1. Quick one: which residue in THR42, THR12, THR8 is under 15 Å from the mean Cα position of the chain (by Cα), hydroxyl-bearing (Ser, Thr, Tyr) and either more than 30 Å from ARG65 (Cα to Cα) or at pLDDT 90 or above (or both)?
2. When residues of segment 61-76 are filtered for being within 8 Å of the chain's Cα centre (by Cα) and surrounded by fewer than 22 Cβ atoms within 10 Å (Cβ to Cβ), how many remain?
3. Looking only at segment 60-112, count every residue that is in contact with a Phe, Trp or Tyr (Cβ under 6 Å, 6 or more places away or on another chain) and of a type in the set (Gly, Ala, Ser) and tell me the total.
4. For ARG36, are the conditions met, namely being of a type in the set (Lys, Arg), loosely packed, with under 14 Cβ neighbours inside 10 Å and within 23 Å of THR129 (Cα to Cα)?
5. Across segment 42-60, what is the number of residues that are of a type in the set (A, V, I, L, M, F, W, C), loosely packed, with under 14 Cβ neighbours inside 10 Å and closer than 14 Å to ILE119 by Cβ?
6. Pick from segment 65-104 the residues that are assigned to a loop (DSSP other than H, G, I, E, B) and in contact with a helix residue (DSSP H, G or I) (Cβ under 8 Å, 6 or more places away or on another chain): which of them is farthest from MET127 (Cα to Cα)?
7. Which one is surrounded by the most Cβ atoms within 10 Å (Cβ to Cβ), of the residues in segment 85-109 that are polar (S, T, N, Q) and farther than 26 Å from ALA34 by Cα?
Amino acid sequence: MKDRLDRTRDMTDVNEDAPDEVDAVMATLRAEYAERLPELVTELRVALEALRNGDITEQAVRTPRVLAHRLYGTAGSYEFDRISEAASAIETQLLSCENAGKLPDDAAWQEIARALHVIEAEVAAAMETKRS
């Protein structure tokens, strides 16, 4: 353990600018991801609407949950925490229904709609911040 700590210290001593470089790279990646958010949210919304409108094929049931799961993970990775939390709420609702072998009921759809509204508001705010 001590040896690993010493090696880690040695690596950070070699390049004291490394944290700044990592921050700069992450900021760039976060900005690029933010540009993709509207497309990702539209894809999720369309999949949810298809399910809500009666498309009950296996793919139509699974797709919105998978998209919500991906959004939950990637948004969290890029520090879009509210988007991540709301996507997790959508995934949870859909997974619960999927595990029970049923489609979302009205209460589940209300939660999904609320979470989707949060996501869309956060994306709009991110886009507005980018324009400023």
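The values are calculated or read from the model by the stated rules, or taken from the named source; none is laboratory data. All values reported here derive from a predicted model rather than from experimental measurement. Cβ: placed from backbone, ideal geometry, glycine included. Neighbour counts: every protein chain shown.
1. After applying the criteria, what remains is THR42.
2. Result for segment 61-76: 6.
3. Of the residues in segment 60-112, 3 are in contact with a Phe, Trp or Tyr (Cβ under 6 Å, 6 or more places away or on another chain) and of a type in the set (Gly, Ala, Ser).
4. Spelling it out, ARG36 is indeed of a type in the set (Lys, Arg), loosely packed, with under 14 Cβ neighbours inside 10 Å and within 23 Å of THR129 (Cα to Cα).
5. Total satisfying the criteria: 1.
6. LEU103
7. SER96
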